[in-house]
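Everything below concerns the one structure shown next.
Please treat every number below as a calculation from the coordinates, not as lab data. Since we're looking at a predicted model, the values are computed, not measured. Positions of Cβ are backbone-derived with ideal geometry, glycine not excepted, and every protein chain shown enters the neighbour counts.
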Amino acid sequence: MNTANKLTMLRVILIPVYVILWYCDFPGHVYAALAVFVIASVTDFVDGYVARHYNQITDFGKFMDPLADKVLVVTAMICFCARGRMPDWAVAIVILREFAVSGLRLVAVDNGRVVAAGWSGKVKTASTMVCLILMHFPIPAALNWVCVAVIAATTLYSGVEYFVKNRDVLNWNK
């Protein structure tokens with residue numbers, strides 16, 4: 001297993017550690033969970049860099065890296081939802097977008113095409129990670145809602161963009 005894939009697997013391993021720390025009851029447990037979330041988020045950017053820079057791109061990495069990202073983000077959102085810091089509709093938007101884009105990619109592959117990650121998807125990922133990091137702090141309710149709005153808006157925009165740019169993949173007449 002190469003370095004990029006090891007970093008991806010580290011992110012996967014950190015997800016249950018994050019949840020355990022989130023629900024533990026000791027002073028600073030949310031900040032401990034935040035530290036784990038930040039480390040896991042950083043591995044997302046580092047593993048991509050390592051894979052591209054050192055030619056460590058593998059089929060395993062192509063599959064597992066985006067899956068690890070989605071599970072990390074959705075896990076954090078569910079934790080916030082359980083504490084009343086994120087509405088369930090916002091979590092639903094994120095989950096539905098991920099299923100929809102994954103489905104689009106499956107149809108594209110079946111037609112011999114690859115739907116690459118777009119710029120808006122990268123912006124969505126980065127802004128979501130930053131907003132989730134901010135939400136770990138005791139921020140005012142208004143800023144919390146701004147974070148939720150940014151996450152929902154970038155998620156919707158990038159999802160719509162994927163479908164608009166790749167609408168020809170969905171041949172409605174077949």
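The table below lists the values:
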item	result
For the range 87-174, projected area of the alpha-carbon convex hull averaged over all directions, nm²	6.1
Point-to-point label distance, Phe60-Val38, nm (Cα→Cβ direction, 7 Å offset)	3.0
Centroid-to-centroid separation of the range 1-68 and the range 115-148 [C-alpha atoms, Å]	17
Relative contact order of the chain, defined on C-alpha pairs under 8 angstrom at six or more residues apart (%)	23
Relative contact order of the range 1-83, defined on C-alpha pairs under 8 angstrom at six or more residues apart (%)	43
Footprinting exposure proxy for Leu34, Leu134 (fewest neighbouring C-beta atoms within 10 Å first)	Leu134, Leu34
Per-residue Cβ neighbour rank within 10 angstrom, fewest leading, Val114, Val160	Val114, Val160
Helix axis angle, 141-165 relative to the chain longest principal axis, alpha carbon, degrees	10
C-alpha long axis of helix 3-23 to longest principal axis of the chain, angle in °	40
Angle between the chain longest axis and helix 88-110 axis [Cα atoms, degrees, rounded to 10]	30
Sorted peptide list for 70-76, 90-96, criterion being average Cβ within 10 angstrom, highest first	70-76, 90-96
Volume per residue that the Cα convex hull of the chain spans, once the total is divided by residue count, Å³	117
FRET E, pair Val164, Tyr31, Förster distance 30 Å, beta-carbon r, rounded to 0.05	0.15
Most to least packed among 53-63, 3-13 [average Cβ atoms within 10 Å]	3-13, 53-63
Karplus-derived HN-Hα couplings along the range 123-130 (A = 6.51, B = -1.76, C = 1.60, θ = phi - 60°), whole Hz, x at Gly and Pro	5, 4, 4, 5, 5, 5, 4, 4
